[in-house]
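Please treat every number below as a calculation from the coordinates, not as lab data. None of the values given here were measured: they were computed from a predicted structure. FYI the Cβ positions are ideal-geometry reconstructions off the backbone, even for glycines, and counts take in every protein chain you see.
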Amino acid sequence: MDNPVDLSTQLGSLRLKNPVLTASGTFGYGIEFESLVDLNRLGGIIVKGLSLKPSSGNPPPRIVETPCGMLNSIGLENIGVEAFIAEKLPILETYHTPVFANIYGSSIEEYAALAARIDSVDSITGLEVNISCPNVKSGGVAFGIDAIVAASVIRAVKKETSKFVVAKLSPNVTSIADIASSVEDAGADAVSLINTITGMAIDIRTRRPVLANITGGLSGPAIRPVALRMVWEAARAVKIPVIGIGGIVSAIDAISFLIAGASAVEVGTANFLNPGACMDIIDGMESFFAEEGISSTAEIIGSVVL
C-alpha cells in the first residue's frame, strides 16, 4: 500500500494504535488468546472484571445460545485483583498494547479500594468501571441505572486514581444520555456502552428458566441496533470520548459505530465464534479506508449524515 491509512485514534489523553479493543469478559485475561491472535496488533486489551476478592460467580448453567447472540449469567467470576496483578499482568507486560482493568464492586467503597490498588500499577493504562453491578446497600439495584449513584461511583474512583477512567454504561435505563452526562460531570475520561441487556430463556419441557440465575445478559448481533442507537445518543450528549460496544462482528459493524460518534469499539461475543475477530476487523477497516480514500480514523468519527 503506497499510502497506508492511519488507524490510530485519540481517547482523551490516550493515543491508541487502532480503535479495536477487546470487551471485558469475552477475552479472558488476554493471555488465553496469545496463541490465537497477535496481541500487539490490538488497540487495547480490557481484561475480565476484577473484584477485591476472588469470586466463583453464579452456579451453572450460566450460558445459553440465543438467536443472533447469547445470554450469560457468569456472575463476574474472577481470580481477584491481587492474583491478576501477580500472575497474569507480568505476561501482558511483555506486549506493547495498553491494558485496561475492568473493575466492579458491591459498594462504592469497594470500587474506590480497587481504584486505589490499581493506581500504583504502572503497566495498567486505565480502568473501565462496570457500574451495571448490584448495589448491596440499595437492595441490589444496579449502580448504573441511577444518574446520581452512577456519578457517585465515578467520583469515588477518580479520587483514588490518576489513571484514565472509563465508565461502562448499562443499557437498562430510561435515558442513556442522562447517565452519560452524569458520569462525565463526575470526572469520567470516557464512557463505554452498551453493557448487556437483561434477558431470559425458558425450557418449555421443564418450564424452568434455562439459566440457574433465571435472567442473564444478552449480547451479540441481536443487540447491535440498540447499541448503535445508544452510542449515537451518548455521543451527542457528552464531550468526552465514547467507546462503542454491542454485537460488533465485522469491520462494517465497527465502522458504523465510529460514524455514529464512537472514537473506539470493543469486540465481545464475536471472540467466542471467531477468536481472530479483532484481527479481521482491523484488517477490514484498513481495507475499507484505503478503498474509500479515508486517510485516518479521525475523518469518520461522528460523520453520520442526518
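Highest mean first, how do 243-252, 291-300 rank when packing is the count of other Cβ atoms within 10 Å averaged over residues?
On the way: 243-252: 24.3, 291-300: 14.1.
So the peptides 243-252, 291-300, ranked by packing, come out 243-252, 291-300.
How large is the helix-only mean residue ellipticity at 222 nm for the chain, computed as the sum of -39500 (n - 2.57) over DSSP H runs with n ≥ 4, divided by its residue count, in deg cm²/dmol to the nearest 500?
Dividing the helical sum by the residues of the chain leaves -8000 deg cm²/dmol.
If only Cα atoms are counted, what is the Rg of the stretch 55-145, and what is its Dmax, in Å?
Cα only, the stretch 55-145: 15.2, 43 Å (Rg, Dmax).
Sort 186-195, 38-47, 209-218 by packing, meaning the average of other beta carbons within 10 Å per residue, with the highest value first.
Values: 186-195: 24.8, 38-47: 21.2, 209-218: 18.9.
So the peptides 186-195, 38-47, 209-218, ranked by packing, come out 186-195, 38-47, 209-218.
Could you work out the equivalent-ellipsoid semi-axes for the stretch 260-306, taking the square root of 5 times each eigenvalue of the Cα gyration tensor, largest first, in whole Å? Kindly include the intermediate steps, with their values, before the conclusion.
On the way: eigenvalues 100, 42, 12 Å².
Those come to 22, 14, 8 Å.
Would you mind estimating how fast the chain diffuses translationally, via Stokes-Einstein at 20 °C and 1.002 mPa s with the Kirkwood radius over Cα pairs, in µm²/s? Intermediate results must be reported in sequence, preceding the final value.
Numbers: Rh = 19.3 Å.
Diffusion coefficient, whole number: 111 µm²/s.
Using a 10 angstrom cutoff on alpha carbons, build the Gaussian network for the chain and name the most mobile of Ala254, Ala113, Ala262.
Top of the fluctuation ranking is Ala113.
Beyond 19 Å, what percent of the Cα pairs of the stretch 37-90 remain? Walk me through the numbers before you get to the answer.
Details: 691 of 1431 pairs.
For the stretch 37-90, the share of Cα pairs beyond 19 Å comes to 48 percent.
If eta is 1.002 mPa s and T is 20 °C, what Stokes-Einstein diffusion coefficient results for the stretch 181-249, Kirkwood Rh from Cα pairs, in µm²/s? Present the calculation step by step, with values, prior to reporting the outcome.
Details: Rh = 13.8 Å.
For these conditions, the coefficient is 155 µm²/s.
Using unit Cβ charges (K, R positive; D, E negative) and no other charged atoms, how large, in debye to the nearest 20, is the dipole of the chain about its Cα centre?
Working: 21 positive and 31 negative charges, 216 e Å.
It comes to approximately 1040 debye.
Give me the log10 of I(q) over I(0) for the stretch 99-217 at q = 0.17, 0.22, 0.23 Å⁻¹, as the Debye formula computes it from C-alpha points; what are the numbers?
Log10 of I(q)/I(0), two decimals: -0.79, -1.16, -1.24.
Which order, highest average first, do 122-134, 16-28, 274-286 follow once you tally other Cβ atoms within 10 Å for each residue and take the mean per peptide?
Working: 122-134: 21.8, 16-28: 23.6, 274-286: 19.1.
The most tightly packed comes first, giving 16-28, 122-134, 274-286.
Any idea which of Pro98, Phe143, Ser219 is furthest toward the positive side of the dipole for the chain, if Lys and Arg beta-carbons carry +1 and Asp and Glu beta-carbons -1?
Highest projection toward the positive end goes to Phe143.
Kirkwood hydrodynamic radius, the stretch 218-306, all distinct C-alpha pairs: what's the number in Å?
Numbers: mean 1/r = 0.0762 Å⁻¹.
Hydrodynamic radius (Kirkwood, Cα only) of the stretch 218-306 equals 13.1 Å.
Where does the stretch 154-306 land on Rg(C-alpha)/(2.2 N^0.38 Å)?
Numbers: Rg = 17.2 Å, N = 153, 2.2 N^0.38 = 14.9 Å.
Taking N as the residue count of the stretch 154-306, the ratio is 1.16.
Using a cut-off of 15 Å between beta-carbons, work out the net charge of the residues near Ile245 (Lys and Arg +1, Asp and Glu -1, Ile245 not included).
Values: positive: Lys48, Lys168, Arg224, Arg229; negative: Glu128, Glu233, Asp253, Glu266.
Local net charge: 0.
Give the share of C-alpha pairs in each 5 angstrom bin for the stretch 1-121, from 0 to the last occupied bin, in whole percents, shortest bins first.
2, 9, 17, 19, 19, 15, 10, 4, 2, 1, 0
Dipole of the stretch 1-74 (Lys/Arg Cβ +1, Asp/Glu Cβ -1, origin at the Cα centre): which of Phe27, Asn40, Asn58 lies farthest to the positive side?
Value: Asn58.
So what is the relative contact order for the chain, in percent, with contacts set as C-alpha pairs under 8 Å and at least six apart? Walk me through the intermediate numbers first.
Details: 703 pairs, mean separation 60.6, N = 306.
Contact order relative to length: 20 percent.
Taking the Cα atoms of the stretch 1-50, report the difference between the largest and smallest coordinate on each principal axis, in whole Å and largest first.
That works out to 39, 28, 12 Å along the principal axes.
Long-range amide H contacts for Ser296: which residues qualify at under 5 Å (H placed 1.01 Å from N, peptide plane, sequence gap of 5 or more or a different chain)?
Here Asp6 satisfy the definition.
Treating only the Cβ of Lys, Arg, Asp and Glu as charged (+1, +1, -1, -1), what charge dipole size does the stretch 1-50 show about its Cα centre? Round to the nearest 20 debye. It would help to have the intermediate numbers written out before the result.
Working: 4 positive and 5 negative charges, 41 e Å.
For the stretch 1-50, the charge dipole is close to 200 debye.
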